[in-house]
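*Asks:* I'd like to ask some things about the structure below.
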Amino acid sequence: MNGGAAMNGGAALNSGAGVNSGAAVNGPVGVAIVGCGTVSHQYLPTLAGYPDDVRVVVCADLDTGRAATVAKKYGVPLATDVPTAITHPDVELVVNLTVPAAHDAVAADAIAAGRHVYNEKPLSLDRASGARMLGAAAAAGVRVGGAPDTFLAPGLANALRAVNDGTIGTPQSALLIMQSPGPESWHHSPEFLYQHGAGPLFDIGPYYLTALTAAFGPAARVVALGRQAFAERTIGSGPHAGTTFPVEVPTHVTALIEFTNGMIATLVMSFDSPLGRTGLLEITGTAATLALPDPNRHRDHGRILRRGDTGWTELPVAPGDEDPHVARGLGVAEMARAIRAGVPHAASGTRALHVLDLMLSIAESADRGEYVTVASTFDPVTG
Ligand SMILES: NC(=O)c1ccc[n+]([C@@H]2O[C@H](COP(=O)([O-])OP(=O)(O)OC[C@H]3O[C@@H](n4cnc5c(N)ncnc54)[C@H](O)[C@@H]3O)[C@@H](O)[C@H]2O)c1
């Protein structure tokens, strides 16, 4: 299966897994799923498609009943509390699917136990905790990975290659738009999606900004504005439907981003729009405009419109585009493969920390009304 190996630079890397690092380890990497909510139902079927790379050993959640239900549904042998799951002797990699406010603490516990950790997005809530996570992992000789992994999907990876192989001429600029009425109509407990660490910028922005930085490299500075259309929202489904909750963050954010290579981008991320318009990620070069596939999905392929064309031309469908296991969790399988091979993994903590820094810079610029410099960086080739 396609694991996005093209993103790996091939440099040797310490693949030791802390407590596991002494012995030569082969076979699938033992995984603990921590956080058995909505997104775990996407990860578990994906991971089942990579039996040579990963084996889910245990499920855990603050709500142990939820962990048990999920473990039973997907045939995971054990469900338990979080500390027991993290320190299970067969676990080398903790997949952290908790809410953003818990990412840091769960990752810290995993690293302290000598386990690799792959976090859902955003990596953490602030730069200091993200940097601390990466520092602790380096000191412990374990790895940090981070969602999203959509840039590894064949269609998006194929379109990203077209940005830098001359197909669109010299890249110049990008346009990114995600507008929707917000996720409270379908999510059973959407409160966290309107709290610090989420909102459209931090919840959906990682997909667009990870794809964009994969194309343009690290960002250098941003300027942004934000608004909040509603002070309260109402849960639309599940047992708490009809309950209102407060909105803590801007729900419409617009930003200009300048990259270290001089490229520029215009971004709109909104949960305030009755109009749903998602997946718009266009990159324009001197010779053509490229419409990339929706970076929040693992399907689809790009389209290109060359100067003088009157319509779009579909980019060739990349092999693997229809593979059902090319879905959320792909980055975990790729990370596990890289651990065994001793090469860098693509959906790296460094990449995720840069995207977090970029989003925080956008939020700060919207707050302060001034340009904000993006201090962090990452290597787009090795992650
Ligand atoms: N819902 C989606 O479609 C979706 C898609 C992509 C990414 N994500 C990301 O996945 C993460 C989880 O989102 P979700 O929608 O599954 O949330 P959710 O609320 O449905 O599930 C989160 C789970 O984490 C558990 N949890 C919270 N703190 C914990 C802790 N300290 N230790 C152990 N378990 C803990 C909760 O009990 C809950 O079961 C978020 O970072 C989100 O951004 C969600």
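The values are calculated or read from the model by the stated rules, or taken from the named source; none is laboratory data. As the structure is a prediction and not an experimental result, all values here were calculated from the model. Cβ coordinates were reconstructed from backbone atoms using ideal geometry, including for glycine residues, and neighbour counts include every protein chain displayed.
*Asks:* Run D90 past the list (1) assigned to a loop (DSSP other than H, G, I, E, B); (2) at pLDDT below 95 and report the number of the one that doesn't hold.
*Replies:* All conditions are met except number (2).
*Asks:* Give the residue that is farthest from P218 (Cα to Cα), with candidates limited to residues of region 260-273 that are out of contact with any Pro (no Cβ under 7 Å at 6 or more places or on another chain) and not charged (D, E, K, R). Give the steps one after another, and end with the answer.
*Replies:* Pass one, region 260-273, residues out of contact with any Pro (no Cβ under 7 Å at 6 or more places or on another chain): 261-262, 264-268, 272.
Now restrict to residues that are not charged (D, E, K, R): 261-262, 264-268.
Details: N261: 8, G262: 10, I264: 11, A265: 12, T266: 15, L267: 16, V268: 19 Å.
So the residue we want is V268.
*Asks:* Quick one: is A79 within 16 Å of the ligand (Cβ to nearest atom), crowded, with 24+ Cβ neighbours inside 10 Å and modelled with pLDDT of 95 or more? Talk me through it step by step, then tell me what you get.
*Replies:* On the way: within 16 Å of the ligand (Cβ to nearest atom): yes; crowded, with 24+ Cβ neighbours inside 10 Å: no; modelled with pLDDT of 95 or more: yes.
Against the criterion (within 16 Å of the ligand (Cβ to nearest atom), crowded, with 24+ Cβ neighbours inside 10 Å and modelled with pLDDT of 95 or more), A79 does not qualify.
*Asks:* So which residues in region 174-191 are assigned to a strand (DSSP E or B) and either buried (at least 17 other Cβ atoms within 10 Å of the Cβ) or not assigned by TED's automatic domain parsing to the domain that holds A265 (or both)?
*Replies:* In the first step, residues of region 174-191 are kept if they are assigned to a strand (DSSP E or B); the result is 174-179.
A174, L176, I177, M178, Q179, listed by residue number.
*Asks:* Would you mind listing the strands (runs of 3 or more DSSP E) fully within region 203-262 where at least 1 residues are aromatic (F, W, Y), under 25 Å from the mean Cα position of the chain (by Cα) and within 25 Å of P148 (Cβ to Cβ)? Even if it seems obvious, please write down each step before you answer.
*Replies:* Values: elements: 219-227, 232-234, 244-246, 252-259.
Where strands (runs of 3 or more DSSP E) fall fully within region 203-262 and carry at least 1 residues being aromatic (F, W, Y), under 25 Å from the mean Cα position of the chain (by Cα) and within 25 Å of P148 (Cβ to Cβ), they are 252-259.
*Asks:* If I go through region 345-366 residue by residue, how many of them are surrounded by fewer than 22 Cβ atoms within 10 Å (Cβ to Cβ) and either in a loop (DSSP other than H, G, I, E, B) or at pLDDT below 95 (or both)?
*Replies:* Count: 0.
*Asks:* What residue, of R340, R306, is out of contact with any helix residue (DSSP H, G or I) (no Cβ under 9 Å at 6 or more places or on another chain) and assigned by TED's automatic domain parsing to the domain that holds V29? I'd like the intermediate steps shown before the answer.
*Replies:* Working: R306 fails: assigned by TED's automatic domain parsing to the domain that holds V29.
Step by step, each of R340, R306 is checked, and only R340 is out of contact with any helix residue (DSSP H, G or I) (no Cβ under 9 Å at 6 or more places or on another chain) and assigned by TED's automatic domain parsing to the domain that holds V29.
*Asks:* For P100, which of the numbered conditions (1) modelled with pLDDT of 95 or more; (2) within 28 Å of Q195 (Cβ to Cβ) fails to hold?
*Replies:* Status for P100: all satisfied but (1).
*Asks:* Here's a check for you: in region 308-328, which residue that is touching a strand residue (DSSP E or B) at 6+ places or on another chain (Cβ under 9 Å) and free of Cβ contacts under 8 Å to residues at least 24 places away in the same chain is surrounded by the fewest Cβ atoms within 10 Å (Cβ to Cβ)? Spell out the reasoning first.
*Replies:* Taking region 308-328 first, the residues touching a strand residue (DSSP E or B) at 6+ places or on another chain (Cβ under 9 Å) are 309, 311-315.
Now drop any that are not free of Cβ contacts under 8 Å to residues at least 24 places away in the same chain, which leaves 309, 311-314.
Numbers: D309: 11, G311: 6, W312: 14, T313: 12, E314: 11.
Filtering first and then ranking leaves G311.
*Asks:* Right, something else. List pairs: first in region 252-271 and without any contact (Cβ under 8 Å) to a residue 60 or more places away in the chain, second buried (at least 18 other Cβ atoms within 10 Å of the Cβ) and among the aromatic types (F, W, Y), Cβ under 9 Å, 6+ apart or cross-chain?
*Replies:* Short answer, once both residue conditions are applied: H252/F271; F259/F216; N261/F216.
*Asks:* Of the residues A211, A231, which is of a type outside the set (K, R), without any contact (Cβ under 8 Å) to a residue 60 or more places away in the chain and either in contact with a Pro (Cβ under 7 Å, 6 or more places away or on another chain) or outside the structural domain of G155 (by TED's automatic domain parsing) (or both)?
*Replies:* On the way: A211 fails: without any contact (Cβ under 8 Å) to a residue 60 or more places away in the chain.
Testing whether each residue is of a type outside the set (K, R), without any contact (Cβ under 8 Å) to a residue 60 or more places away in the chain and either in contact with a Pro (Cβ under 7 Å, 6 or more places away or on another chain) or outside the structural domain of G155 (by TED's automatic domain parsing) (or both) leaves just A231.
*Asks:* Only residues that are surrounded by 17 or more Cβ atoms within 10 Å (Cβ to Cβ) and either over 15 Å from L152 (Cβ atoms) or not assigned by TED's automatic domain parsing to the domain that holds N164 (or both): list them for region 285-301, please.
*Replies:* Of everything in region 285-301, those that are surrounded by 17 or more Cβ atoms within 10 Å (Cβ to Cβ) and either over 15 Å from L152 (Cβ atoms) or not assigned by TED's automatic domain parsing to the domain that holds N164 (or both) turn out to be G285, A288, T289, L290, A291.
*Asks:* Here's something else I'd like to know. Would you please name the residue that is farthest from the chain's Cα centre (by Cα), looking only at residues in region 86-134 that are of a type in the set (S, T, Y) and more than 9 Å from the ligand (Cβ to nearest atom)? Talk me through it step by step, then tell me what you get.
*Replies:* Within region 86-134, the subset of a type in the set (S, T, Y) is 87, 98, 118, 124, 129.
Filter once more, so that each one left must be more than 9 Å from the ligand (Cβ to nearest atom): 87, 118, 124, 129.
Working: T87: 25, Y118: 10, S124: 12, S129: 17 Å.
My answer is T87.
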